[in-house]
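Everything below concerns the one structure shown next.
Each reported figure results from applying straightforward, stated rules to the coordinates on display, with no laboratory input. Predicted model only: the values in this text are computed from it and were never measured. Cβ sites come from the backbone with ideal geometry, for glycine too, and all protein chains shown count toward neighbours.
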Amino acid sequence: MDAASKHENHLPDLAITSLGAPSADSPLTEARFVNDEERVLVHSRLSDIEPLIKNSSAPSFEIAGPRRKIFFDPKDLTCGIVTCGGLCPGLNDVIRSVTLSLLWQYKVKRVIGFRYGYNGISSNAYEDPIELTPDTVSAIQHIGGTILGSSRGPQSPADMVDQLIANNVRILYIIGGDGTFAGGHDIANEITKRQLPISVIGIPKTIDNDIYCSEKTFGFGTAVEHARSAIHSAHTEARGAWNGVGLVKLMGRDSGFIAASATLANSDVNFCLVPEVPFELDGRDGFLARLVDRINRKRHAVVVAAEGAGRYLEKTGRKDASGNEIYPDIGFFLKERIRRHFSEQNIPVTVKYIDPSYMIRSVPANAADSQFCIQLGQNAVHAGMAGKTDMFVAYWNNHFTHVPLAAAVGRRKKLDPASELWQGVIATTD
């Protein structure tokens, strides 16, 4: 099965919710319109598809793109944008894309940006929303971070819907990951309960590339590119010392895509540790013994560890503002354990530890991510204008697709140890 489904026994419901039948003509004059009957198959291998087709049950995603008929009247429409969670390359690109698509393509009345995540939509907001205009977003794609600010932590869905009503927002674009989508789904449920014509459209953001039902997310490619630079520095440091170890910790709470991809991109890594592949620390075949063997043979080594790797080795018992378990710092943990183990073996060692996490998160998007962000933003605008709601724009089998927010909430895409990616890592390390 494909990446989004192989870790589950069944796929979630992929039906997309609409506020109602769109009846107005789209103002787009040169668009290649699509309709709701155009679908993208979840599976791409013939062996997976054939038995499903025979039973008329082949799962598929609704394809994204402009619709010939739209639900909202642009001339009276106010739309809102919010960015939540950690920083990620490309946030400003998406903000700019959504804003300009709304104002230039659909000529909506007004676009506002809520400040500092979901807090900005609450009655206790740190700051008032800001007006987003072509001038406001004219060059923001060239800077990292988000001009709207961000935050973590839940807010009351009822309170947020009250604020959307107070600001006359009819389409809310939420840019974030799993926690953001969970909050957006709660907002959409509250809107449904009140029978309000307000749309909630998600745009997936995480450098970890772990959003369920999407092959990739923006910021991931840029993260891998900059992680590669950190690994290069670690390799240089390791080779410059007798028995040198270059240790790099990369982001990846539960999914090791950055660590694995950066390892392949660099080809100088000897050990790649990811959350999906447990490893023994001690013992004859443990990581430390293998590291000693590598040092004795080559006199240097490079170790890359995703932040969630080895999380079972220590427990903090703490949670962050979003309710996620705070994992121990695998980088510091490994650094101290490596030093201690080599000392016990009476082997001199020099460990250089590099953690580029926040540097990677805050850089501007590279060319490929910038292009991807523009397309994500445009397709999100098309979905909202057509009256779609409680969904996000994803990317699957070379197509932009519509996926229900509920399909991604509480699920994470994981690195498959049997995948070509991980098999490539195994072939190029140690």
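Would you look at the GNM of the chain, springs on alpha carbons closer than 10 Å, and say which of His402, His300, His341 moves the most? So, out of His402, His300, His341, the one fluctuating most is His341. Among Ser57, Ser23, Ser122, the largest mean-square fluctuation in a Gaussian network model of the chain, built with springs joining Cα atoms closer than 10 Å, belongs to Ser57. Counting every other Cβ atom within 10 Å of each residue's Cβ, Ile53, Ile70, Ile95 order from fewest to most as Ile53, Ile70, Ile95.
In the distance distribution for region 360-430, Cα-Cα pairs more than 13 Å apart total 76 percent.
When the Cα atoms of region 16-92 are aligned to their principal axes, the ranges along those axes come out at 49, 38, 25 Å in descending order.
Cross-link partners of Lys205 among lysines, defined as those whose alpha carbon lies under 28 angstrom from its own and excluding same-chain residues fewer than eight positions apart: Lys6, Lys107, Lys109, Lys193, Lys216, Lys249, Lys315, Lys319, Lys388, Lys413, Lys414. Its Cα centre serving as origin, region 218-304 has a Cβ charge dipole (Lys and Arg +1, Asp and Glu -1) of approximately 320 debye. Separation of region 225-284 from region 138-161 is 32 Å, based on Cα centroids. Counting neighbouring beta carbons within 10 Å and listing from fewest to most, the residues Lys388, Lys414 come out as Lys414, Lys388. Viscosity 1.306 mPa s, temperature 10 °C: Stokes-Einstein D of the chain from its Kirkwood Cα radius, in µm² per second? In µm²/s, the coefficient rounds to 70.
Using a Gaussian network for the chain with springs between C-alpha atoms less than 10 Å apart, which of these wobbles most: Ala139, Ala223, Ala365? Residue with maximal mean-square fluctuation among Ala139, Ala223, Ala365: Ala139.
Across the chain, Cα pairs under 8 Å and at least six residues apart give a relative contact order of 24 percent. Normalising the Debye intensity of region 348-396 to I(0), with uniform scatterers on Cα atoms only, and taking log10 at q = 0.21, 0.24, 0.26 Å⁻¹ returns -0.85, -0.93, -0.98. Cβ-to-Cβ counts within 10 Å put Arg337, Arg299, Arg115 in ascending order as Arg299, Arg337, Arg115, the fewest first. Within the chain, helices built from complete DSSP H runs that reach 20 Å or longer along their own axis (Cα positions) and carry a mean Kyte-Doolittle hydropathy of 0.0 or higher are 367-385.
Summarised as an ellipsoid, region 220-362 has semi-axes of 24, 19, 12 Å, derived from the eigenvalues of the Cα gyration tensor scaled by 5 and square-rooted, with the largest first.
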